[in-house]
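Notes to accompany the following structure.
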Amino acid sequence: MSTEIEFVSEPSFEPDELGHFGPYGGTYVSETLIHAHEELKEAYYRWRKDDEFMARLDADLAHYVGRPSPVYHASRLTEVAGGARVLLKREDLNHTGAHKINNTVGQALLADYMGKSRIIAETGAGQHGVASATVAARLGKECVVYMGEVDIQRQAINVFRMKLLGAEVRAVSSGSKTLKDALNEAMRDWVTNVDDTFYIIGTVAGAHPYPVMVRDFNAVVGREARRQMLDEYDALPDALVACVGGGSNALGLFHPFLGDRDVKMYGVEAAGHGLHTGEHAASLCAGRPGVLHGCRTYLMDDDAGQIQHTHSVSAGLDYPGVGPEHAWLKDTGRAQYVGITDDEAMQAFHQLTRLEGILPALESSHAVAYAMKLAAEMRPDQTVLVNLSGRGDKDVQTVAELEGISL
Amino acid sequence: MSNRIDRRFSSLADQQRAALIPFITAGDPEPGWTVAIMHSLVKAGADVLELGVPFSDPAADGPVIQAASERAIAQGVSLCTVLGIVREFREQDPDTPVVLMGYLNPIERYGHADFARDASSAGVDGILMVDCPPEEMVHLRGELDDHGIYPICLVAPTTTPERMSSIASQARGYIYYVSFKGITGANRLEQANLEKPVSELRAHCDLPLAVGFGIKGPESAAAVAGLADGVVIGSALIEQLAGSATGQQACDRASDFLAPIREAMDNSRL
C-alpha cells in the first residue's frame with residue numbers, strides 16, 4: 001500500500017496556487033524559467049496522486065534509503081542535559097548519511113517520469129550533491145553539481161564522493177563562492193538547458209513548487225517520527241528541534257506535527273561567531289524579508305539590498321536565505337527560531353560523540369546544542385525530539401583543522 | 001499619462017527605424033563616468049537606454065554582466081546611486097527614455113512607494129525586473145502606475161501563447177523578447193529562430209517589440225532590426241568599456257562601438 005503524501009496541517013499552512021505562504025514564497029524567476037516551473041508543478045501534483053509512483057517512492061525509501069530510521073533515546077545525553085528526555089530521529093543512518101536523500105530519491109523519480117535525461121544540483125556541504133549524484137548514478141542519468149570554491153575546499157571528501165559516483169563537480173568562483181552562488185550558477189545552467197534538464201533543488205527554498213515538493217519528500221521524517229512516538233512512547237513529543245539552513249530537514253520533521261498544537265517547534269540557525277557580530281547565517285533570527293532565489297523570504301542583505309556573505313562553521317547552514325514556509329511559521333508564531341554559535345555546536349558535536357557514540361554532522365550539532373539547553377529547562381517527564389539530520393564523517397577534517405590537529 | 005518610451009517608439013515608427021537600445025551596468029567601470037557614457041551612447045544613435053542596477057546575485061546574467069555588477073558594487077553603487085545618475089543625465093537630456101533593469105531585492109529594500117516616487121522624479125521611464133514576472137508584480141505595479149513608470153515585460157522562447165497574451169495585456173512601453181534559452185551574453189542567437197516567435201508575438205500584442213540576448217555587433221543588430229522594433233545590446237558593449245583608462249576613453253569606446261551598429265540597422269531598413 002502506498003503511504004500517500006498526506007497533510008496533517010491546517011489549511012493556512014498550505015500555499016496558494018502561486019506558492020505563497022502568506023506574504024512569502026511565490027515564483028520570482030525569469031520568464032524563460034516560468035514554463036519549466038509550470039511543467040514541474042503539473043508533473044508533481046499529478047504524480048504524487050499516482051499509486052504506482054508513490055509505491056515506487058515508498059519502495060525506494062524502504063529498500064534503498066533504509067527507512068524507517070529509528071527514534072533513539074539518548075539516555076546519557078539526557079542525563080548530562082539534566083531535564084527532559086532527549087530523543088534523536090536518526091536521519092544520519094540513511095544511505096549517504098543525511099536526510100537529503102529522501103528528497104533526491106523523490107525528485108529523481110519525478111525526473112524519470114518527466115523524461116528528463118540530465119540532472120543538475122547545487123550543493124553547500126556536499127550532502128545534497130552526493131545525494132543527487134547517488135540517485136543519478138542509480139538511474140543512469142548525467143549529473144552536474146555546482147559547488148562554491150570555498151565549499152569545495154572545506155568538503156573535499158564529499159567532492160571526491162560525487163566524482164566517484166560519476167558526477168561532474170563544477171566549481172563556482174563568483175560572489176562569495178559558497179552555496180548561494182552555486183544556486184545562481186545552477187539556475188544559469190537550467191535556463192540554458194531547460195528542455196532536457198531536471199534541477200534537483202536541495203532545500204525548501206526556490207520558486208514554487210520547490211518549497212512544497214522538497215518539504216513533502218522530507219515529510220516522511222515527521223510522519224514516521226509521529227507514528228514512532230505514538231507506538232513506542234505513547235505520546236507526542238513536547239518539543240521538536242532541528243537545524244535550519246534552507247530548512248528542509250526542519251520542515252520535514254515539523255510539517256506533520258503542525259496540527260498538533262501542543263507540540264512546540266524550534267528551528268536552530270547558525271549564529272556563527274555570534275548574532276551581534278554580524279558573522280552568522282541566521283536569516284530568521286537577524287534578517288528581514290526580501291526576494292532571493294525565486295521566493296520572498298527572510299534573508300540577510302545590506303541597506304542597498306545586496307545579499308550579504310554569511311558565516312557558519314557548517315557549510316550546510318551557510319546560506320543567506322531560508323525556505324519561505326519557515327518565514328511564515330515564524331511570523332505566525334507556530335515555530336520559534338533561535339541561534340547556536342560555532343563554539344556551542346562544536347561542543348555539542350563532541351558531547352554527542354563521546355556520550356552516545358554518534359558522530360553528528362556539524363549542521364545537526366546545532367540542533368543537538370539547542371536541544372540540550374531546552375531540555376535543561378524542561379521537566380524530566382517531558383520529551384524533546386531532535387532531528388539528527390546527518391552524520392559527521394564528512395566533517396572530521398574540518399573539526400581536526402579547527403582544533404589544530406593535522407591528520 | 002504620456003511616457004517618453006511611447007513618444008520615442010512612435011516617432012521611430014514614423015521614421016521607419018528600429019530602436020537601438022544599449023544596456024550598460026550603472027557605475028561600471030567607474031561610477032563617475034556613467035552619465036557621460038550615457039550621453040555618448042545617445043550621440044552615437046541610442047534611442048532608449050537600459051541601465052543595469054547592480055545586484056549581488058544576478059542569476060539570469062552571464063559572466064560579463066556578473067563581473068560588471070561586482071565591479072560596480074565594489075565601488076559602492078546602489079539603487080540610490082543609480083537614481084542619482086539618472087537625475088544627472090536628465091539635466092542635459094530631457095527626451096531619451098531610461099529603463100532600469102535588474103533584480104527585485106534592491107527595490108524591496110528601498111520600498112516600493114519610495115522607489116516609484118524617487119525614480120519618477122529622477123526621470124526613470126520604465127523598469128525591467130528580471131526575477132519578477134507580472135504575477136508577482138501586483139503591489140509594485142500599483143505604485144509604478146501612480147507615478148507613470150512602465151513595467152517592461154519579458155517574453156521568452158519558452159513562453160506559451162496563452163501566457164504571451166496575458167503578458168501583452170499587462171505590459172507597457174515595449175516587450176522585451178529574450179532571443180534564446182540562456183543567459184545574457186551567450187553566443188546562441190540564430191536569426192532564423194526569431195521569425196516565428198516574433199510574428200506570433202505580434203499577433204498577441206500591439207506594443208513595440210525589442211529583441212535582446214546574444215546581439216554582438218552590426219551584423220546581428222541589422223538582422224534583428226529587420227524583424228523587430230528594437231535591438232538591445234548589453235554584454236558586447238560592457239566588454240568594450242571594461243578596462244578603459246579614463247572616462248573620455250570609455251565614452252569614445254562606447255560611441256565607436258555603437259555608431260556602426262546604428263548605421264547597419266538604418267541601412268537594413270532602406
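So how do A:322-331, B:70-79 stack up, highest first, on mean other-Cβ count within 10 Å?
On the way: A:322-331: 26.6, B:70-79: 19.0.
Going from most to least packed, we get A:322-331, B:70-79.
Mean per-residue shielding of peptide A:186-195 is 5, counting Cβ atoms of other chains within 10 Å of each Cβ.
With K and R counted +1 and D and E -1, the other residues having a Cβ less than 12 Å from that of A:Gly115 yield a net charge of -1.
Write down the accessible area per residue of the protein assembly as shown in Å², having rolled a 1.4 Å probe over the full set of protein chains.
On the way: 23720 Å² over 677 residues.
Using a 1.4 Å probe on heavy atoms only, each residue of the protein assembly as shown averages 35 Å².
Over the range B:4-264, Cα pairs under 8 Å with separation of 6+ residues give a relative contact order of 24 percent.
Multiplying the sequence separation of A:Ser173 and A:Tyr233 by 0.36 nm and subtracting their Cα-Cα distance, what value in nm do you get? Each step should come with its number before you reach the end.
Details: separation 60, 0.36 × 60 = 21.60 nm, distance 4.93 nm.
Separation in residues times 0.36 nm, less the Cα-Cα distance, equals 16.7 nm.
The mean count of C-beta atoms from other chains within 10 Å of the C-beta of residues in B:97-107, rounded to a whole number, is 3. Of all lysines in the structure, the ones whose alpha carbon falls short of 17 Å from that of A:Lys264, not counting any fewer than 8 places away in one chain, are A:Lys89, A:Lys330, A:Lys373. Each Cα pair under 8 Å and six or more residues apart adds its sequence gap; the mean of these over the residue count of chain A is a relative contact order of 21 percent.
What total accessible area, in Å², is buried where chains B and A meet, using a 1.4 Å probe and rounding to the nearest 100? Summing both chains' loss of accessible area gives about 2900 Å². Dividing the helix sum by the residues of chain B, where each DSSP H run of 4 or more adds -39500 (n - 2.57), gives a mean residue ellipticity at 222 nm of -15000 deg cm²/dmol. Comparing A:Thr277, A:Thr178, A:Thr96 in a Gaussian network model of chain A where C-alpha atoms under 10 Å apart are linked, the largest mean-square fluctuation is found at A:Thr277. The calculated 222 nm mean residue ellipticity attributable to helices in chain A amounts to -12000 deg cm²/dmol, summing -39500 (n - 2.57) over DSSP H runs of n ≥ 4 and dividing by all residues. Ordered from longest to shortest, the equivalent ellipsoid semi-axes for the protein assembly as shown are 48, 25, 22 Å, each the square root of 5 times a Cα gyration tensor eigenvalue. Surface calculation, 1.4 Å probe, protein heavy atoms: A:Thr203 sits at approximately 20 Å² accessible. Comparing each chain alone with all protein chains together (probe 1.4 Å, DNA, RNA and ligands left out), the residues of the range B:31-63 losing at least 50 Å² of accessible area are B:Ser56, B:Asp57, B:Ala59.
Annotation for the range B:64-92 versus the range A:267-311: alpha-carbon center distance of 24 Å.
Bridging of B:Lys43 to lysines at a Cα separation below 28 Å is possible for B:Lys216, once same-chain residues fewer than 8 apart are set aside.
Rounded if a/c is under 1.5, else prolate if a/b is larger than b/c, else oblate: which is the range B:163-210, with a ≥ b ≥ c the root eigenvalues of its Cα gyration tensor? Let's see the in-between values first.
Numbers: a/c = 2.37, a/b = 1.67, b/c = 1.41.
Here the range B:163-210 falls in the prolate category.
What net charge is computed for the residues neighbouring B:His147, neighbours being all others with C-beta under 10 Å from the C-beta of B:His147, Lys and Arg scored +1, Asp and Glu -1? Can you show the working numbers first?
Values: positive: B:Arg117; negative: B:Asp118, B:Glu143, B:Asp145, B:Asp146.
Local charge sum for B:His147: -3.
Using alpha carbon centroids, what distance separates the range A:132-183 and the range A:64-98, in Å? Going from one Cα centre to the other spans 28 Å. Given a Förster radius of 45 Å and the C-beta distance between B:Thr160 and A:Glu52 as r, what FRET efficiency does 1/(1 + (r/R0)^6) yield to the nearest 0.05? The formula returns an efficiency of 0.95 here.
If R0 is taken as 51 Å, the Cβ-Cβ distance between B:Asp93 and A:Arg288 corresponds to a FRET efficiency of 0.90. For peptide A:303-311, the mean count of partner chain Cβ atoms within 10 Å of a residue's Cβ comes to 6.
Rounded if a/c is under 1.5, else prolate if a/b is larger than b/c, else oblate: which is the range A:280-358, with a ≥ b ≥ c the root eigenvalues of its Cα gyration tensor? Cα axes put the range A:280-358 in the prolate bin.
Between A:Gln397 and A:Ala62, what is the label-to-label distance in nm when each label sits 7 Å out along the Cα-to-Cβ direction? Distance between the two pseudo-spin positions: 3.8 nm.
Using the Cβ of B:Asn3 as centre and a radius below 10 Å, the other residues enclosed give a net charge of +2, where K and R count +1 and D and E count -1.
Considering only protein heavy atoms and a 1.4 Å probe, what is the carbon-and-sulfur percentage of the accessible area of the range B:4-264?
Percent of accessible area from carbon and sulfur atoms in the range B:4-264: 48.
The separation of the range A:187-263 from the range A:344-364, counted between C-alpha centres, amounts to 23 Å. With both labels modelled 7 Å from their Cα along Cα-to-Cβ, the A:Ile405 to A:Glu142 distance reads 4.3 nm.
The values are calculated or read from the model by the stated rules, or taken from the named source; none is laboratory data. All values reported here derive from a predicted model rather than from experimental measurement. So basically every Cβ, Gly included, is an ideal-geometry build from the backbone, and we count neighbours across all protein chains shown. Keep in mind that these areas ignore ligands, DNA and RNA; they rest on the heavy atoms of the full protein, side chains included. Shrake-Rupley method; radii C 1.70, N 1.55, O 1.52, S 1.80 Å.
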